[in-house]
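One structure is given below, encoded as structure tokens.
The values are calculated or read from the model by the stated rules, or taken from the named source; none is laboratory data. Keep in mind the model is a prediction, meaning the values are calculated, not measured. Cβ placement follows ideal geometry from the backbone for every residue including glycine, while neighbour counts extend to all protein chains displayed. The accessibility values were calculated without ligands, DNA or RNA, using every heavy atom of the protein model including side chains. Shrake-Rupley method; radii C 1.70, N 1.55, O 1.52, S 1.80 Å.
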Amino acid sequence: MGSAGLRPFMPLISLATARQAVLDALRPAPAEAVPLLHAHGRFLAAAVSASRSLPGCDNSAMDGWAVRAQETQGATRGHPVRLRIVDTVYAGALPSRALQPGEAARIFTGAPLPAGADAVVRQEAARAEENGQVSLFITVPPGHDIRRAGEEVQEGTPLFPAGQRVEPAVLGVLASLGEATARVRPAPLVAVLATGDELIAPGQPAQPHQVYESNLLLMAALAREAGAEVRSTGRARDDDAELRAAVTRLASEASVLITTGGASVGDKDRVKGTLAALGARFLVDGVALKPGKPVAVAQLGDTVVIVLPGNPGAATVAWDQLGRPVLLKLQGVHEERRRLSARLTEGRHKQAGLTYLISAQVEQRPDGAWARLRPQGAGQILQNVGAEGYAVLPPGRADFAEGDAVEVELFDRPRYVAAEP
């Protein structure tokens, strides 16, 4: 088959163009109905409306006494109102009869309100007497301590759009509506391959010139954060035959293969050549991005291959900007992150033709938001610990001074929107 050596130079494209090219080539996976417990963390494939009202009937918000509100007028501890006890109503049971004038029913939280009653007197404001009556010590208005049918949501009300992430609160609402399953997009199946002669597995003795392999765990965790199921991982040396065997095996086990290392143009950067020799079609090969410039995305049969640099800092940025959107598109959504304008706490020189993404923390000062850039290098990963987002230094400019305003792309509380099919 020949050597998977150097490939022709490909001109760099902008980050926005690269992301759009990749997403346009992908389609969400078909929807599936899964039990609610297994839907946690997935994305709804269709909008959901309320199939019933919540609550389903007027019910008591307190343990106490169901009464006619007008019959409590003037009640005090010194001059209680006394009503005859005619029923006891528990949650999940129906009243045995309607209330008539002069009557009350013992009622518990969540129990349906008897016909004829229009208020609840909580139990600490009343006392059951031995003669079958209850003494009421307060005046209550109509509707007091009652949950009205449909006060939370009315039957037919739209609740969740397609693309809604199924978080615990969403699961609770679906279960409250009586749903046993949810229609969601399946989790993408992911495999991760780390490459490089210098890599040593954690826990093994290593020489100073060797590198403990961290990308397998890092990328597996990032893939899981994006909703994927990690099926398999592997390591390979910078050897054509070994790479080919590892790529072939892992690609057959996953819908998305993530590779780290061997992505650039050095003598031992052989991943892209291996993919080309296997017949992969490259959607993106090199992006005007730093760190992460060598990133590529290819299709190998039915498998999407995300080719990341080996340096963890560069791999993380490239993954975040291209790999994560791939996994989300396969699940039927795209992510909208919050952005804010902040001023730089220090100047920074950059290559004018590249977009720089620099880990940053945001400081709120009396004069507005400031972005404190973290020390950053392609081979470093510590700068992402505690970072709140990426300061975006756009192309077309080489020098940014202290106090210059830039956008910060924040990591927290993203919004997920249904993607175009």
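A few remarks follow.
- Among 88, 345, 303: highest mean-square fluctuation, GNM of the chain, C-alpha pairs under 10 Å: 88
- FRET E, pair residue 16, residue 180, Förster distance 51 Å, beta-carbon r, rounded to 0.05: 0.75
- Annotation: segment 238-355 has a Kirkwood hydrodynamic radius of 15.5 angstrom, from the mean reciprocal C-alpha pair distance.
- Share, in percent, of DSSP beta bridges within the chain that are antiparallel, nearest 5: 70 percent
- Here the contact order of segment 1-124, divided by its residue count and restricted to Cα pairs under 8 Å and six or more residues apart, works out to 27 percent.
- Extending 7 Å from the Cα toward the beta-carbon at both residue 40 and residue 148 defines two label points whose distance is 3.6 nm.
- Long-range Cα-Cα pairs in the chain (distance over 34 Å), rounded percent: 51 percent
- Excluding same-chain neighbours fewer than eight residues apart, the aspartates and glutamates reachable from residue 290 by a Cα-Cα span under 13 Å are 320.
- Taken per residue, the accessible surface of segment 231-290 reaches 41 Å², heavy atoms only and a 1.4 Å probe.
- Helical mean residue ellipticity (222 nm; -39500 (n - 2.57) per DSSP H run of 4+; nearest 500) of the chain: -4500 deg cm²/dmol
- Global size of segment 339-418 as Cα Rg and Dmax, reported in angstrom: 12.8, 39
- Accessible surface of the chain, 1.4 Å probe, proportion on carbon and sulfur as whole %: 52 percent
- As a length-normalised measure over Cα pairs under 8 Å and 6 or more apart, the relative contact order of segment 339-418 settles at 44 percent.
- Listed by chain and number, the aspartates and glutamates whose alpha-carbon sits under 13 Å from that of residue 350, ignoring those within fewer than 8 places in the same chain, are 399.
- Scattering profile of segment 48-140 at q = 0.16, 0.22 Å⁻¹ [log10 I(q)/I(0), Debye over alpha-carbon scatterers]: -0.58, -1.02
- Computed from Cα positions, the angle between helix 240-252 and the longest principal axis of the chain comes to roughly 20 degrees.
- Accessible area expressed per residue, segment 59-147, with surrounding protein chains retained (probe 1.4 Å, Å²): 48 Å²
- Backbone N within segment 17-60 under 13 Å of label point (7 Å from residue 115 Cα along the Cβ vector): none
- Percentage relative contact order, the chain, counting C-alpha pairs under 8 Å, at least six apart: 18 percent
- Candidates 252, 49, 96, ranked by Gaussian network fluctuation over the chain, Cα under 10 Å, top entry: 96
- Rounded FRET efficiency, nearest 0.05, which uses the C-beta distance separating residue 93 from residue 420 and R0 of 35 Å: 0.10
- Folded to 0 to 90 degrees: helix 215-225 orientation relative to the chain principal axis, Cα: 30 degrees
- Heavy atoms of the protein chains alone define the surface here; on that basis segment 331-416 has 51 Å² accessible area per residue at 1.4 Å probe size.
- Choice from 31, 98, 342 with maximal GNM fluctuation in the chain (Cα, 10 Å cutoff): 98
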